[in-house]
1. Kindly indicate whether any position in the range 109-118 is modelled with pLDDT of 95 or more and either in contact with a helix residue (DSSP H, G or I) (Cβ under 6 Å, 6 or more places away or on another chain) or on the phi > 0 side of the Ramachandran plot (or both).
2. Could you please find all residues in the range 116-127 being closer than 23 Å to R40 by Cβ and either in contact with an Asp or Glu (Cβ under 8 Å, 6 or more places away or on another chain) or in a strand (DSSP E or B) (or both)?
3. Of the residues R135, R130, R125, which is touching a Gly at 6+ places or on another chain (Cβ under 9 Å) and charged (D, E, K, R)?
4. Quick check: is even one residue across the range 66-79 free of Cβ contacts under 8 Å to residues at least 12 places away in the same chain and surrounded by fewer than 19 Cβ atoms within 10 Å (Cβ to Cβ)?
5. List the residue pairs whose Cβ atoms are under 8 Å apart, where the first residue sits in the range 10-33 and is aromatic (F, W, Y), the second is modelled with pLDDT of 80 or more, and the two are 6 or more positions apart or on different chains.
6. (1) under 16 Å from the mean Cα position of the chain (by Cα); (2) closer than 18 Å to G37 by Cβ; (3) at pLDDT 95 or above: which one isn't true of L105, the others all being true?
7. Could you grab me the full set of residues in the range 38-65 that are more than 20 Å from the chain's Cα centre (by Cα), surrounded by 14 or more Cβ atoms within 10 Å (Cβ to Cβ) and either small (G, A, S) or assigned to a strand (DSSP E or B) (or both)?
8. Any residue that is within 22 Å of A19 (Cα to Cα) and of a type in the set (D, E, K, R) - is there at least one of those in the range 148-159?
Amino acid sequence: MSRRTRPEPVQVVKQRRDAALKALVDGVPYIGFLGVGFERRGDELTAIMPFDEKLIGNPLLPALHGGATAAFLEITAIIGLSWATLWEEIESGAVDPLALTEGRLPRLPKTIDFTVDYLRSGLPRDAYARAQVNRSGRRYASVHVEAWQDNRARPFAQATGHFVMPRRDG
């Protein structure tokens with residue numbers, strides 16, 4: 001008769017997930033400059049770009065700068081793709097969050113191309129985005145991202161990106 005191992009306490013699993021996500025985000029200084037953060041619910045991430053005056057491109061409207069919008073979408077795609085790729089390793093404990101916080105980050109996917117559709121002006125308020133990984137293989141991935149503000153059904157921008165996946169050692 002074999003004994004079943006007890007599952008890890010939920011706090012331990014949550015701490016491991018949070019530490020891995022924090023390490024991914026903190027590893028890219030531009031994410032901090034824009035003020036982008038991520039809210040995690042299980043394996044689903046929502047990116048949040050809090051409003052800041054420095055994000056305004058046209059003060060007459062006022063509207064979010066297209067470059068800030070594009071960067072927000074690309075950040076969401078890359079972190080979302082990395083998170084989806086690492087999820088199983090994080091869950092199994094194969095990724096050591098302490099190693100991540102000590103700077104031994106996994107390499108991030110590299111952008112091949114990134115096409116942004118500006119659907120309407122981004123208003124001077126918080127923005128949210130979610131990435132959906134359409135395809136992810138050993139070498140290549142395709143991701144779609146949508147950004148919204150007050151109403152998820154009315155995105156103000158969307159993008160599709162293609163990425164070269166980092167080599168997995170081991």
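The values are calculated or read from the model by the stated rules, or taken from the named source; none is laboratory data. It should be emphasised that the depicted structure is a prediction, and the values quoted were computed from it without experimental measurement. Every residue, glycine as well, gets a Cβ built from its backbone with ideal geometry; the counts of neighbours run over all protein chains shown.
1. Kept after step one, since they are modelled with pLDDT of 95 or more, are these residues of the range 109-118: 110-118.
Remaining after also requiring either in contact with a helix residue (DSSP H, G or I) (Cβ under 6 Å, 6 or more places away or on another chain) or on the phi > 0 side of the Ramachandran plot (or both): 114, 116.
Yes, that holds for at least one residue.
2. Step one: filter the range 116-127 for residues closer than 23 Å to R40 by Cβ, giving 125-127.
Within the range 116-127, R125, A127 meet the criteria.
3. On the way: R135 fails: touching a Gly at 6+ places or on another chain (Cβ under 9 Å); R125 fails: touching a Gly at 6+ places or on another chain (Cβ under 9 Å).
Exactly one residue qualifies, and that residue is R130.
4. Filtering the range 66-79 down to residues free of Cβ contacts under 8 Å to residues at least 12 places away in the same chain leaves 67.
Next, only the ones that are surrounded by fewer than 19 Cβ atoms within 10 Å (Cβ to Cβ) stay: 67.
So far as the range 66-79 goes, yes, one or more of its residues are free of Cβ contacts under 8 Å to residues at least 12 places away in the same chain and surrounded by fewer than 19 Cβ atoms within 10 Å (Cβ to Cβ).
5. Matching pairs, first to second residue: Y30/A71; Y30/I75.
6. (3)
7. Within the range 38-65, I56, G57, A63 meet the criteria.
8. The initial filter retains those residues of the range 148-159 that are within 22 Å of A19 (Cα to Cα), namely none.
Among the residues of the range 148-159, not one is within 22 Å of A19 (Cα to Cα) and of a type in the set (D, E, K, R), which makes the answer no.
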